[in-house]
Amino acid sequence: MNIHEYQAKQVLKGFGAPVAAGVPITSADQAEAAAKQLPGPLYVVKSQIHAGGRGKGKFKELPADAKGGVRLAFSIEEVVAHAKEMLGNTLVTAQTGEAGKQVNRLYIEDGADIDRELYCSLLVDRAYGRIAFVVSTEGGMDIETVAHDTPEKIQNIVIDPATGVTDADVAAINAAYGLTGAAAEDGKSLFPALYKAFVEKDMDMLEVNPLIVMKDGHLRVLDAKVSFDGNALFRHEDIRALRDETEEDAKEIEASKWDLAYVSLDGNIGCMVNGAGLAMATMDIIKLYGKEPANFCDVGGGAGKEKVAAAFKIITADPNVQGILVNIFGGIMKCDVIAEGVVAAVKEVGLKVPLVVRLEGTNAELGKKILNDSGLTIQAADDLDDAAQKIVAAVG
């Protein structure tokens, strides 16, 4: 689960991280009052969407030379003007795709005197099976570009879970940044605080970009992006309350209610599969034969008829879907259960696009019989290769 920047900063502030004062707003009418709560004279007006690259983004509805999704303001009047121009418009960034995201919230934040911009993130380093700090002196930039062009400027500091962040770890991070004086002292409290927040709140990723050294020598979290492990949200009612469903795909929200692993994609062939590996293979072979998958959908190993039917309804609700491939290898999941779920869903919502089904494994013959006796127009496939070719040909 993702949250907005201002929410991430409030979470981190609760662990002692230094953040600027700021006020979130949802209406331009709130901008003046929000700005008056801040000391000024420099303000930053930030679009709040679940995507990076906001500062370099462009609004669809505004001229090409208009400012992006993060703007400086040097007066309260300028804050209000920015708010009126940004709220309700669609911001397109490198991470949103061409469709962009509508800006429904802004964060009015106190400005900062920046001396240096650094990059800091925490994630699970799967090579070590531990949480690692990823640090670079090249903050405020596209970290992927830095990693590609100058990988020597990125360092990983892996943390031992038995000890947490030690003095030696802090010293290593400070050295990687070249921090001295007040900034190095701030690091002694900040870096353990970030690690504690990551662990205690079951985060998947915590990114501070940039982490700044201000002209007074102190550190500040200038931007923050946080995502949480969805499987652990039952432990964090306070984090669940931060969810903004307007930033999420409606199909993915519905899928989460049924505990389905579903991700919307940009293609036109819907996929319903059991098992993540098989789902990936199914998407790959669709691409091999020249088409694109419209989704990743793993119904899991223990799905019942109702869950399968729900998955099928979610797939057919996507207007981009021009054909559906059901690919099931029956192990724990029985093929007849899949067949019953598909038949029930099709009878309820109808079938307006080609449907190819490949069943193999437990009760495969029974599943095929259920489909054949249903009276529905369904193409059977002998194997995965045959299934992919048939759905691609049917979609044309």
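The values are calculated or read from the model by the stated rules, or taken from the named source; none is laboratory data. Everything numeric here is computed off the predicted structure, so don't read it as measured data. In this analysis, Cβ positions are derived from the backbone assuming ideal geometry, glycine residues included, and neighbour counts consider all displayed protein chains.
For the structure I just gave you, tell me whether Ala310 is in a helix (DSSP H, G or I), small (Gly, Ala, Ser) and more than 31 Å from the chain's Cα centre (by Cα).
Judged against the criteria, Ala310 is not a match.
Would you check if there is a residue in the range 67-74 being touching an Asp or Glu at 6+ places or on another chain (Cβ under 8 Å), buried (at least 17 other Cβ atoms within 10 Å of the Cβ) and within 21 Å of Gln7 (Cα to Cα)?
So in the range 67-74, the residues touching an Asp or Glu at 6+ places or on another chain (Cβ under 8 Å) come out as none.
No - not one qualifying residue is present in the range 67-74.
Only one residue in Gly88, Gly55 is in a loop (DSSP other than H, G, I, E, B), of a type outside the set (A, V, I, L, M), surrounded by 15 or more Cβ atoms within 10 Å (Cβ to Cβ) and out of contact with any His (no Cβ under 7 Å at 6 or more places or on another chain), so which one is that?
On the way: Gly88 fails: surrounded by 15 or more Cβ atoms within 10 Å (Cβ to Cβ).
Within the list Gly88, Gly55, the selection yields Gly55.
Just name the residue that is nearest to Phe228 (Cα to Cα) out of those in the range 159-185 that are charged (D, E, K, R) and surrounded by fewer than 19 Cβ atoms within 10 Å (Cβ to Cβ).
Asp160
Of the residues that sit in the range 287-324 and are surrounded by 15 or more Cβ atoms within 10 Å (Cβ to Cβ) and of a type in the set (S, T, N, Q), which one is nearest to Gly100 (Cα to Cα)?
My answer is Asn295.
Is there a residue in the range 269-286 that is within 30 Å of Thr180 (Cα to Cα) and either crowded, with 16+ Cβ neighbours inside 10 Å or of a type in the set (Val, Ile, Thr) (or both)? Explain how you work it out, then say what you get.
Quick first cut of the range 269-286, residues within 30 Å of Thr180 (Cα to Cα) only: none.
Checked the range 269-286: no residue is within 30 Å of Thr180 (Cα to Cα) and either crowded, with 16+ Cβ neighbours inside 10 Å or of a type in the set (Val, Ile, Thr) (or both).
Name the one entry in Asn295, Asn274 that is in the same structural domain as Gly361 (by TED's automatic domain parsing), in contact with an Asp or Glu (Cβ under 9 Å, 6 or more places away or on another chain), under 17 Å from Val337 (Cα atoms) and not small (Gly, Ala, Ser).
Only one candidate passes the filter, namely Asn274.
If you check Lys201 against the conditions, is it surrounded by 18 or more Cβ atoms within 10 Å (Cβ to Cβ), at pLDDT 95 or above and either over 16 Å from the mean Cα position of the chain (by Cα) or more than 30 Å from Leu118 (Cβ to Cβ) (or both)?
Judged against the criteria, Lys201 is a match.
Across the range 359-394, which residue is farthest from Gly323 (Cα to Cα) among those that are charged (D, E, K, R) and assigned to a helix (DSSP H, G or I)? Even if it seems obvious, please write down each step before you answer.
So the first thing to find is which residues in the range 359-394 are charged (D, E, K, R), and the list is 360, 365, 368-369, 373, 382-383, 385-386, 390.
Those still in the list that are assigned to a helix (DSSP H, G or I) too: 365, 368-369, 385-386, 390.
On the way: Glu365: 24, Lys368: 19, Lys369: 22, Asp385: 16, Asp386: 15, Lys390: 10 Å.
Of everything passing the filter in the range 359-394, Glu365 is farthest from Gly323 (Cα to Cα).
Please verify whether the range 211-220 includes one or more residues that are at positive phi, among the small types (Gly, Ala, Ser) and more than 30 Å from the chain's Cα centre (by Cα). First the steps, then the outcome.
Here is the first cut: in the range 211-220, the ones at positive phi are 217.
Pick out the ones that are also among the small types (Gly, Ala, Ser) and you get 217.
Then drop every residue that is not more than 30 Å from the chain's Cα centre (by Cα), which leaves 217.
Checking the range 211-220: at least one residue is at positive phi, among the small types (Gly, Ala, Ser) and more than 30 Å from the chain's Cα centre (by Cα).
Does the range 111-129 include one or more residues that are among the basic types (Lys, Arg) and either at pLDDT below 95 or within 18 Å of Ala28 (Cα to Cα) (or both)?
The answer is yes; a qualifying residue exists.
Here are the criteria: (1) free of Cβ contacts under 8 Å to residues at least 40 places away in the same chain; (2) within 25 Å of Met280 (Cβ to Cβ); (3) of a type in the set (A, V, I, L, M, F, W, C). Tell me which single one Leu376 does not satisfy.
(2)
Run down His148, His82 and say which single residue is in the same structural domain as Gly57 (by TED's automatic domain parsing), outside any strand (DSSP E or B) and not polar (S, T, N, Q).
Working: His148 fails: in the same structural domain as Gly57 (by TED's automatic domain parsing).
Of the residues listed, the single one that is in the same structural domain as Gly57 (by TED's automatic domain parsing), outside any strand (DSSP E or B) and not polar (S, T, N, Q) is His82.
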